[in-house]
Protein chains: 2
Amino acid sequence: MSDFATRLAQRMNRYGPLCAGIDPSAATLAKCGLPDSAEGALEFGKLILRSADYELAVIKPQSAFFERFGSAGMKAIEELAALARAKEVPLLLDVKRGDIDSTADAYAHAYFHPSSPIRVDAITLSPYLGVAALKSSFELAAKHACGIFVVVRSSNPEGEALQTARMADGRRVWEALCAAISDFNRALSAGPIGPIGAVVGATCTDAGAVVAALPRSFILSPGIGAQGATMEDCRVRLAPARGRILPNVSRELIAGGSSAAAIGATIRRLNSEARGLLA
Amino acid sequence: MSDFATRLAQRMNRYGPLCAGIDPSAATLAKCGLPDSAEGALEFGKLILRSADYELAVIKPQSAFFERFGSAGMKAIEELAALARAKEVPLLLDVKRGDIDSTADAYAHAYFHPSSPIRVDAITLSPYLGVAALKSSFELAAKHACGIFVVVRSSNPEGEALQTARMADGRRVWEALCAAISDFNRALSAGPIGPIGAVVGATCTDAGAVVAALPRSFILSPGIGAQGATMEDCRVRLAPARGRILPNVSRELIAGGSSAAAIGATIRRLNSEARGLLA
């Protein structure tokens, strides 16, 4: 199997770079006439995939909305991941895990190892324990042809003070993260883009400087829609990363209606708009 | 039901303040002659509880070692939580989640709501997206008589640069976190200790200053044993928090043997040593 970055780039160019967020909240399930249960959450994920005719660069289920249903919710993720795999749609599971030593390895094993029931193509990680603590997770991702997106600059206003704080060596927290991620990508991949991507909010006014420091990463960009940024904000603010940006849209997928036809039309429109991020 | 802090304080005084970490790694399960499966992980958790005759202040299963087994691992957590609840042993699930808006609420719902299959007494959260983003999680914990431990200073060396970085207002990242946590505890509880605790590593040489800034929090202190700190390091370094410290021990629980008798003896010895943290 080709590596995660190669698979993702091929799909972005073929279908458009939209990342379809799958957030089965109680409110979203109600809007779709689905039960607020693990079965409803799975049906919602299948509905998004089917509505798009499986022509998506990547889908991003938000683990929290499945964890609400405990083990049954986790089973729904497993089934959704199996369907996505069968249809060759890369699945990025938004879990924002992050730990140290053998615990970090256990997370990487859970989400990347071919024998794991809940294996996916990529996950998000949170770097509060230090990006260097994630080294073996990065290595395990690369080994299994998977990817990781490290949260660098989040889309919410509450994250800015911490993420822009200055460390003892004078660098900002995000600067040090970007440098480490770029080093890991160089070490782990001979290709132009490595397995370690980053999350950079389209709402962040400093997003341009952040992504300029991540020349070998795919950029997952949340914040479009409900959080106030537009696709055009994303295109302008993240300009240095054009061709490597995955704009995430979740709640807006059903804004034009929750039938398969309506969701399909919304996704095609969003992917068409998002093609501006490839050029 | 009394609030989390009250329940925890009562048990700490009765049984000693040890937090028994339940980390069913492949290596630990092998040492115990248990299969490397969800069933083995559950059996390991039950073994720790039974060996201690359920006389523990709190147990802390590490979610990563259960997530390795996907939905079956999550089911094992549910069953372990049900047993702990029946025996009135508070369960702190080490998940280090952390997100924003409705996603953060979904995590709080998953782990605190009485109707959730995977409800527990407390969880750990990671604050990279900003402690203010966790506000509604804190409120939901308090509402359901549960607790949260925010990672403030982690026990690993890789975390220090980020956690001690200076924000634009001149405060270090950990200082701002401590101030916010203390404010939330004042707002959420009339008692001396609130529902929002903190994780502060016994390995951190600055742990004293950190816990001095958390006068209304329980302090979960990892780093003892395999990571190099001793119970005495914990007592000396975290002195300002005496009476409120939960020293976590995981791998060492089976260092004296993996029979129920041996684990029971090890836990009694550790709790006896840990009583020095109460005075």
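The values are calculated or read from the model by the stated rules, or taken from the named source; none is laboratory data. Every value quoted in this text rests on a predicted model; they were computed, and no experiment measured them. No Cβ is skipped: glycine too gets one built from the backbone with ideal geometry, and neighbour counts run over all protein chains shown. Remember, those area values only see protein heavy atoms, side chains included, never the ligands or the DNA or RNA. Shrake-Rupley method; radii C 1.70, N 1.55, O 1.52, S 1.80 Å.
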Inset, instruction - Kindly check whether there is at least one residue in region B:258-279 that is of a type in the set (A, V, I, L, M, F, W, C), part of a loop (DSSP other than H, G, I, E, B), within 21 Å of B:Val211 (Cα to Cα) and open to solvent by 50 Å² or more (accessible area, probe 1.4 Å). - result: yes
Legend entry - Selection status of B:Ser102, part of a helix (DSSP H, G or I), surrounded by fewer than 22 Cβ atoms within 10 Å (Cβ to Cβ) and touching a residue at least 12 places away in the same chain (Cβ under 8 Å): no
Inset, instruction - From (1) over 30 Å from B:Asp169 (Cβ atoms); (2) surrounded by fewer than 18 Cβ atoms within 10 Å (Cβ to Cβ), pick out the condition that doesn't hold for A:Asp169. - result: (1)
Legend entry - Hits in region B:75-98 (condition: within 8 Å of chain A (Cβ to nearest Cβ) and either over 18 Å from the mean Cα position of the chain (by Cα) or assigned to a loop (DSSP other than H, G, I, E, B) (or both)): B:Lys75, B:Gly98
Legend entry - Residue check, A:His113 of a type outside the set (A, V, I, L, M, F, W, C), within 7 Å of another protein chain (Cβ to nearest Cβ) and either under 30 Å from B:Ser155 (Cβ atoms) or touching a helix residue (DSSP H, G or I) at 6+ places or on another chain (Cβ under 8 Å) (or both): no
Inset, instruction - Just need a number here: residues in region A:116-127 that are in contact with a helix residue (DSSP H, G or I) (Cβ under 7 Å, 6 or more places away or on another chain) and not in a strand (DSSP E or B). - result: 7
Inset, instruction - Tell me, yes or no, whether region B:32-39 has at least one residue that is closer than 14 Å to B:Ala260 by Cβ and of a type in the set (D, E, K, R). - result: no
Inset, instruction - Kindly indicate which of A:Gly159, A:Gly208, A:Gly194 is of a type outside the set (Val, Ile, Thr), part of a helix (DSSP H, G or I) and surrounded by 22 or more Cβ atoms within 10 Å (Cβ to Cβ). - result: A:Gly159
Legend entry - Within region B:119-139, considering residues that are out of contact with any strand residue (DSSP E or B) (no Cβ under 8 Å at 6 or more places or on another chain) and within 8 Å of chain A (Cβ to nearest Cβ), the one surrounded by the fewest Cβ atoms within 10 Å (Cβ to Cβ): B:Ala132
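Conditions (1) more than 12 Å from every other protein chain (Cβ to nearest Cβ); (2) charged (D, E, K, R); (3) surrounded by fewer than 16 Cβ atoms within 10 Å (Cβ to Cβ), marked per residue:
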position: A:Ala27; (1), (2), (3): no, no, yes
position: A:Ala30; (1), (2), (3): yes, no, yes
position: A:Pro35; (1), (2), (3): yes, no, yes
position: A:Ala41; (1), (2), (3): no, no, no
position: A:Ile48; (1), (2), (3): yes, no, no
position: A:Asp53; (1), (2), (3): yes, yes, yes
position: A:Ala57; (1), (2), (3): yes, no, no
position: A:Phe66; (1), (2), (3): no, no, no
position: A:Phe69; (1), (2), (3): no, no, no
Legend entry - Close pairs from region A:251-263: first within 20 Å of A:Thr230 (Cα to Cα), partner of a type in the set (A, V, I, L, M) and in a loop (DSSP other than H, G, I, E, B), Cβ under 7 Å, at least 6 apart: A:Arg251/A:Ala226
Legend entry - Residue tally, condition among the hydroxyl-bearing types (Ser, Thr, Tyr) and in contact (Cβ under 8 Å) with a residue 24 or more places away in the chain, over region B:105-119: 2
Inset, instruction - Return the total of residues in region B:161-181 being within 9 Å of another protein chain (Cβ to nearest Cβ) and under 20 Å from the mean Cα position of the chain (by Cα). - result: 2
Legend entry - Members of region B:12-22 found to be surrounded by fewer than 24 Cβ atoms within 10 Å (Cβ to Cβ) and assigned to a loop (DSSP other than H, G, I, E, B), listed by number: B:Gly16
Inset, instruction - Can you give me the number of residues within region B:197-210 that are out of contact with any Lys or Arg (no Cβ under 8 Å at 6 or more places or on another chain) and away from every other protein chain (no Cβ under 14 Å)? - result: 2
Inset, instruction - Please enumerate the residues belonging to region A:211-233 that are within 18 Å of A:Leu278 (Cα to Cα) and open to solvent by 10 Å² or more (accessible area, probe 1.4 Å). - result: A:Ala212, A:Pro215, A:Arg216, A:Pro222, A:Ile224, A:Thr230, A:Met231, A:Glu232, A:Asp233
